[in-house]
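To start, the structure under review is shown below, and the notes come after it.
Please treat every number below as a calculation from the coordinates, not as lab data. The shown structure was predicted, so the numbers you read here are calculated from the model rather than taken from an experiment. Positions of Cβ are generated from backbone atoms using ideal geometry, with glycine treated the same way; all protein chains shown enter the neighbour counts.
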Amino acid sequence: MLIEILAAASTAAPQNKFGFKEALEQGGFVAQATVVILAIMSFGSFYILFTKWIEQSRVMKQARTLDPLWRANTLREGSSKLDKNSAWRQLVDDGLQAEEQASKLAAEGERHDWLHNSLARSEASINAKLASGLPFLATVGATSPFIGLFGTVVGIYRALIAIGLAGSASIDKVAGPVGEALIMTALGLLVAVPAVLAYNYLQARNKRIAEMLTGFSTEVLANIASNGQVKPKLVTAAAATKPATAAPAKA
């Protein structure tokens, strides 16, 4: 008897007509296209976040392995000990190439300016590569709420049409379109917030890397201009703290 009652209750229970899938079906092409666009934006945002984070981490890790460069006899010899795809090696190689070209200039000031500007261009190219993809995050953060709002407006419009056709604002007539409108608003915010957070996070890391590149570029410029005499303080201090070799005892 109890089983029959439960079975009858389950068959009599109304099905949910206001879920996400149902909202997309009722919304038609506009709702479906809005969801697809927001999904592409979300996927692109997370892809850029992870790939740029890996790229930045690699550059930061390579910055901790520059000792062989400064401990070598020459910059060219030290550059060969760095990773071939390292941003730091690119700066050194561009500096050495600029030094060769600067030797053809007559005035000392012109040689220094050429070397300085060449390193600045190399540094700017590295920063530009690290910043690639970030405009997409900024665009997603700025536009996805409005794309969701577009779906919201369409949903509200459909609700008004349903009210007009029914002649009354009964809940069964407006629940579907209004629910669809709220879903579009939520999706727009759900896509925008991670994109903005990712943009600010990656920008802060890029700023830190840019400061490191500027300092390294200055060290490379000083080393080249001094014919290898000027090196970072860390290397100089390490060399200065080495114990002196004991002099041989006189007979």
Taking the beta-carbon count within 10 Å as an exposure proxy, list ILE54, ILE209, ILE40 from fewest neighbours to most. ILE54, ILE40, ILE209
With θ set to phi - 60°, apply the Karplus curve 6.51 cos²θ - 1.76 cosθ + 1.60 along region 186-196 and write out the HN-Hα couplings as whole Hz, x wherever there is a Gly or Pro. 5, 5, x, 5, 5, 7, 6, 4, x, 5, 5
Residue by residue through region 217-222, what is 3J(HN,Hα) from phi via Karplus (6.51 cos²θ - 1.76 cosθ + 1.60, θ = phi - 60°)? Round to whole Hz and write x for glycine and proline. 4, 5, 5, 5, 4, 5
